[in-house]
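Here is the structure we will look at.
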Amino acid sequence: MTMAPNTSRKRGANLFARRRRQLAVGTVALGVAGVMAADMIIAPPTPANAENLSANVTQQRAPGFADIVERVSPAVVSIRVKTDAGPELSNFGGMPEGSPFERFFKQFEDQFGNQMPQQRDDRRRHHYAMGQGSGFIISSDGYIVTNNHVVDRAEEVTVVMSDGKTYDGKVIGTDDKTDLALVKIDIDEALPFVTFTDKDIRVGDWVVAVGNPFGLGGTVTAGIVSARGREIGAGPYDDFIQIDAPINKGNSGGPTFNLDGQVVGVNTAIYSPSGGSVGIGFAIPASIAQQVIEDLKDDGEVTRGWLGVQIQPVTPDIADSLGLEEIQGALVAQPQEDSPATKAGIKAGDVILSVNGEAVENPRDLARTIASKAPGTEVTIGVWRDGAKQDVSVDLGTLDPSKLAQMTPGVEPGTDLSFGMRLAPADEMGVDESGVAVVELDPDGVAAEKGFKVGDVILNAGGEAVRSPADIKKSIEVAEKEGRKAVLFRVRSGDQIRFVALPVDKA
């Protein structure tokens with residue numbers, strides 16, 4: 001009786017062992033079957049001329065970035081600035097009015113202020129702010145590139161090297177239009193430096209950003225070029241590279257490198273609803289940065305070519321009204337008085353299509369192209385005029401931002417209605433200028449939709465000067481006879497002159 005339980009346990013153990021062996025055999029068989037099935041499904045016979053794209057990707061897998069970073073990092077620096085922000089606010093620490101801490105600091109000042117009159121006076125006299133950004137050395141003698149907004153109004157500039165050594169920096173020059181600046185440090189030894197690339201960067205190329213986000217020196221991030229030619233409203237020469245390598249506050253002025261260790265861009269801005277990186281960063285292209293930095297190094301400022309025209313985009317309506325087959329170029333709304341364009345014979349209504357044979361896509365493209373030329377340079381401007389292309393030779397002047405158009409006074413209501421606006425001769429409305437004044441506007445009309453405002457003066461319609469509403473009606477009739485879908489108006493609005501195309505069928 002005492003043996004029965006042991007016998008039972010032995011039988012149970014043997015049975016369990018047999019089942020385990022069976023299960024193991026079954027598992028191996030399933031594995032083999034799975035491999036065989038995978039071979040049949042995943043790797044069918046391959047034609048001799050077929051290309052295995054996945055295999056190529058595996059073989060050409062991008063290496064890590066450690067070698068590049070090790071090579072370029074010594075040339076990337078941190079830039080600390082001290083700026084005079086003017087008189088300090090009336091409370092300690094500049095607490096905003098209504099802040100929960102304002103009462104606390106006010107009580108502290110009331111209690112101890114009389115014992116420290118000199119300190120209180122000094123505090124109220126100046127308020128200094130500290131800022132920090134990034135930069136990179138571009139020559140062995142200590143020239144450093146950064147952003148203009150990093151060193152703007154700086155009273156003191158300190159450059160911190162990758163090894164922690166600090167040097168006093170001097171601002172050689174700045175350019176607010178491209179947000180670039182050049183700083184110099186004096187040092188006896190030759191410094192490691194990096195160079196700008198002269199290669200064309202493509203969307204999808206790998207890039208590496210090195211900088212000092214939030215003061216964390218020597219931070220490296222990587223990503224790709226997401227887009228090129230971005231316009232973000234930063235200035236008249238916007239042409240940014242968009243990257244998805246994370247950059248944050250403090251990365252400003254730092255470099256973005258290609259896989260050859262060359263600088264492809266200068267980090268300058270991010271798009272961020274939160275204030276931190278969301279993978280949308282913008283860098284000034286090397287082609288622009290290098291040219292601006294060379295000017296700053298030579299003269300401490302940037303001189304740009306000047307054509308002297310007010311320009312606007314070519315819309316489909318405008319292209320149709322002028323007989324242009326393609327929607328491209330920059331429409332000359334008004335040549336400025338005594339400008340190179342005026343002297344060369346460029347007229348209002350001309351569409352600038354090219355500069356030295358290179359196509360002009362839009363007004364911003366024209367502005368960048370002209371600005372990249374040195375003053376005094378002779379350029380050939382291709383224009384569309386009177387239904388044909390022709391070339392005009394222009395000697396560029398020097399850009400002066402202070403040149404502005406003259407203001408035009410407003411007008412009082414008058415008579416006549418066309419395109420959803422009431423018109424009257426401008427001279428009858430007290431305007432010292434020939435043309436037709438807009439004196440009343442239908443807010444739901446086509447003219448209002450196209451941006452007309454009461455007070456605008458129509459100077460030209462369909463290529464002809466106008467002095468009365470009757471002249472405008474005549475221009476509409478001519479456009480209809482010629483099969484045009486729109487008539488082109490040249491309009492003075494305040495201190496600006498522009499062209500507007502209005503559809504003939506709504507006249």
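Each reported figure results from applying straightforward, stated rules to the coordinates on display, with no laboratory input. Since the model is a prediction, treat every value here as computed from it, not as a measurement. Heads up, the Cβs are rebuilt from the backbone with ideal geometry, glycines too, and the neighbour counts pull from every protein chain shown.
Local charge sum around G387 (other residues, Cβ-Cβ under 13 Å, Lys/Arg +1, Asp/Glu -1)?
Working: positive: R385, K389, R484; negative: D320, E325, D350, D386, E482.
With Lys, Arg at +1 and Asp, Glu at -1, the neighbours total -2.
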Residue by residue, what Karplus-based ³J(HN,Hα) values in Hz, rounded to whole numbers, does region 447-461 have, using 6.51, -1.76 and 1.60 with θ = phi - 60° and x for Gly and Pro? 5, 5, 4, 8, x, 5, 9, 4, x, 5, 10, 7, 9, 8, 9
Segment S272-R153, extension gain: residue separation times 0.36 nm, minus the distance between their alpha carbons: 40.3 nm
When a footprinting reagent is the concern and you count Cβ atoms within 10 Å, what order do M421, M130 take, fewest first? M130, M421
Burial order of peptide ranges 348-359, 261-272 (average beta-carbon count within 10 Å, highest first): 261-272, 348-359
When K170, K450 are arranged by how many other beta-carbons sit within 10 Å of their Cβ, fewest first, they go K170, K450
